[in-house]
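So the structure is just underneath, and the comments pick up after that.
The values are calculated or read from the model by the stated rules, or taken from the named source; none is laboratory data. Predicted model only: the values in this text are computed from it and were never measured. Neighbour counts run over all protein chains shown; Cβ positions are idealised from the backbone, glycine included. Note: areas computed on protein heavy atoms with side chains; ligands, DNA, RNA excluded. Shrake-Rupley method; radii C 1.70, N 1.55, O 1.52, S 1.80 Å.
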Amino acid sequence: MEFLYPSFLWALLSLAIPIVIHLFYFRRYKKVLFTNLRFLKEVKEETSNKNKLKQLLILAARIFALACLVFAFAQPFIPTGESVKKGFNAISIFIDNSFSMGAAKGEIPISDVALERARSLIKAYSQDDKFQIITHDLLGRHQRLVSQEDALSMLDEIKPTCVVQPLSKIVNRQNQLLKNEQANKIIYLISDFQKSINDLQEIRDTISEINLVPVQSIQQRNISIDSVWFESQIPVLHQDNKLIIRVKNHDQQDAEQVRISLFKDNEEKPVGIRDIQANGEVTDTISLILQSPGIHQATIVVKDYPIQFDDKYYISFLVPDTIQVLQIYDQQPDPYLNALFEGIKYFKLSNQSSGQLNYQSLKNYQLVIFNELNSISSGLINEINQYLRDGGKVLVFPSANADLNSYNQFLSSWKGGKLGAFQKIKKDVGTLNKQEYVFKEVYLSTEKNIKLPSSNGHFPITHPAESPYRDLMNYRDGQSFLSLIPTEEGHLFLCAAPLQSQYNNLSTQAEVFVPMLYNMAVTSTGKQNLSYIIASRNTVLLGNHKPSTGEFVYKVQGPNEFIPGQTPDNNKMVLDMADQIKQAGFYPITMGADTVDIISFNYDRTESNLSLTSEDQLSNTDLPEGVKLNIIDQDEQVNISSTIAEKDKGIVLWKYFLLGTLLFLFLEILLIRFFNRNTPISKLDL
């Protein structure tokens, strides 16, 4: 047995007080006169012996009561752990307030159970200790130690959040606060310990004791809409735009009769009813025919219960009235290109001479075609490279008299290869890559005998080993005829032959040339976000609108109107939403009275998978050397105050000594009132 405050044992000297009182206490006796002492002698001796025994028992009761009281103040305990905490405690408590905590344990949400566990933890410590309350939100007011009373008040302010953090990040944040405290550093994690956020093996800091408090429900089923995207990226007016939806089943059992719907323009369009295998997914396609240009909104909904935060997926997208294509030429525009785009509805071809090119207008085009430029100036290289970085697409047909130095300088920016000397020889294209989006799903029959182009002159292209290029069409000898080079957010297409009909018959092969240009123009390679995921800090790239001059202020409409941070980024605007977005839905972006864009936000799907880490799995976590986790299991959580006291101080005995004090005082009272009650206690003085 050890003592938490052994200095109190000096108070045992006070045991001398009742002994001294007993030895020196002289009671004044009342005199009674009797005529004959013969009958009283025997009574006198018997009364004296019983009185001495009673006084000794009372003395012993008083000594034991006082000793038990001294021991209680010294707080004795029996050590059970590696060390016993003495003095001041700094306790950091993480309460998981993510959406998954909305699952039920019986009829009670486990979020309520977690809060009750946190209250019990706080009350288990002394009022002199300090506490930190921290959640997934990582709020600024949670980055300090507070009193016990304030900590209990902060629990009432915790609300569910859509933002989730990995547990290693939470522990690191807790350690940052505690590392400078001269106290016992104790960390508690109260969570359902979803596998999606459980990365405790990544903990590296070992300055604090880490305790896990699992609060878990029975495994529940959940269906979620995982992602939504357009097949062609850029929706086109009056065309069959295919919207693809991916729905996941996160349960161990098959899900039957899952209803999927699309809400657009306040109308519901049933997508269908699907069966989804256990831990599987289904991909469905919706055909959207858009009748008007502008910004459109849509919501995809799946019927599911009880986890519902991921049952809706919001998207917003711009439908342009025309697809803009730019042809840059030296001598004159290519007549085949003009004729082709005149025949494609909603496409508009603009022609600009390389000597009179408006660089500022490049951002307005979905596709730029270099039509046999003799050379590419350094100014054009700089501007077109920026256009490619921002997600633009450029199709290059070199001139037969091309300045190879300028072309190769341009291609070297993207490791696109090197053009060799022009060769006037006839070569036929032998293969067409139907796996790339340019030709993917263009031809209904893969066995169809497609008439491929040929050329009477070309530039041999040498690709370096590290080049990211991908061939779209190859000559029969394997050399590149048309290749694709990724350029950060954009794509560069390089043809080995000039476009003129005397060198290349590609423009006359309609079944190849038309779908090739169409897909190059309508397929977006940049970050065309149909929606954004709500995070602790949201940044939106606003590409549909940017004032050219003057002062401007964007505002975000929603549950609360606010002005985001605004940073120009070349031809686009970056809006910093900070942590203002808390709820999934549509958020119009306005400038003055005009709505310039509508941004959609969805909840993070990280917690859609409800797989939990069991207590056994937690105890077997592969931790770095020096890191130890203490798991407070379900049985220990029933009386968590006693569990904590035993963990920090061993088996606490002061309560038993206090009961002993009361017991001996009660025994003293019984001795005084009932011991030898009918026997005279006064000595006779004759």
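Contact map, the range 248-272: residues that are free of Cβ contacts under 8 Å to residues at least 60 places away in the same chain paired with residues that are aromatic (F, W, Y) and surrounded by fewer than 20 Cβ atoms within 10 Å (Cβ to Cβ), Cβ distance under 9 Å, separation 6+ or inter-chain. Pairs shown: K269/F263.
Residues considered: F410, F439, F481. Of these, the only one that is over 25 Å from N338 (Cα atoms) and in contact (Cβ under 8 Å) with a residue 12 or more places away in the chain is F410. Taken over the range 595-615, the criterion of being charged (D, E, K, R) and more than 25 Å from Q220 (Cβ to Cβ) is satisfied by D597 alone. The criterion of at least 2 residues that are under 30 Å from D321 (Cα atoms) is met by the following strands (runs of 3 or more DSSP E) wholly inside the range 423-522: 480-487, 490-495. Considering only residues that are open to solvent by less than 40 Å² (accessible area, probe 1.4 Å) and assigned to a loop (DSSP other than H, G, I, E, B), which ones fall in the range 305-321? Those that are open to solvent by less than 40 Å² (accessible area, probe 1.4 Å) and assigned to a loop (DSSP other than H, G, I, E, B): I307, F309, D310, D311, P320.
Checked against the criteria, L388 does not count as within 21 Å of A497 (Cβ to Cβ), in contact (Cβ under 8 Å) with a residue 40 or more places away in the chain and either open to solvent by 70 Å² or more (accessible area, probe 1.4 Å) or hydrophobic (A, V, I, L, M, F, W, C) (or both).
Among residues that are modelled with pLDDT under 90 and touching a Pro at 6+ places or on another chain (Cβ under 7 Å), E646 is not included. No other residue among Q324, Q360 is within 28 Å of G294 (Cβ to Cβ) and either in a loop (DSSP other than H, G, I, E, B) or modelled with pLDDT of 90 or more (or both) apart from Q324. Only residues that are closer than 18 Å to E383 by Cβ and open to solvent by less than 50 Å² (accessible area, probe 1.4 Å) were counted in the range 403-428, giving 6. Test T661 against the stated conditions and say whether it is surrounded by 12 or more Cβ atoms within 10 Å (Cβ to Cβ) and at pLDDT 80 or above. So T661 passes the test.
Scanning the range 195-237 for residues that are modelled with pLDDT of 80 or more, assigned to a loop (DSSP other than H, G, I, E, B) and surrounded by fewer than 16 Cβ atoms within 10 Å (Cβ to Cβ) turns up K195, D199. Among the residues of the range 103-148, those identified as within 22 Å of the chain's Cα centre (by Cα) and either open to solvent by 50 Å² or more (accessible area, probe 1.4 Å) or on the phi > 0 side of the Ramachandran plot (or both) are D112, L138, G140, R141, Q143.
Checking each residue of the range 582-598 against the condition of being farther than 14 Å from N198 by Cα, in a loop (DSSP other than H, G, I, E, B) and at pLDDT 90 or above gives at least one match.
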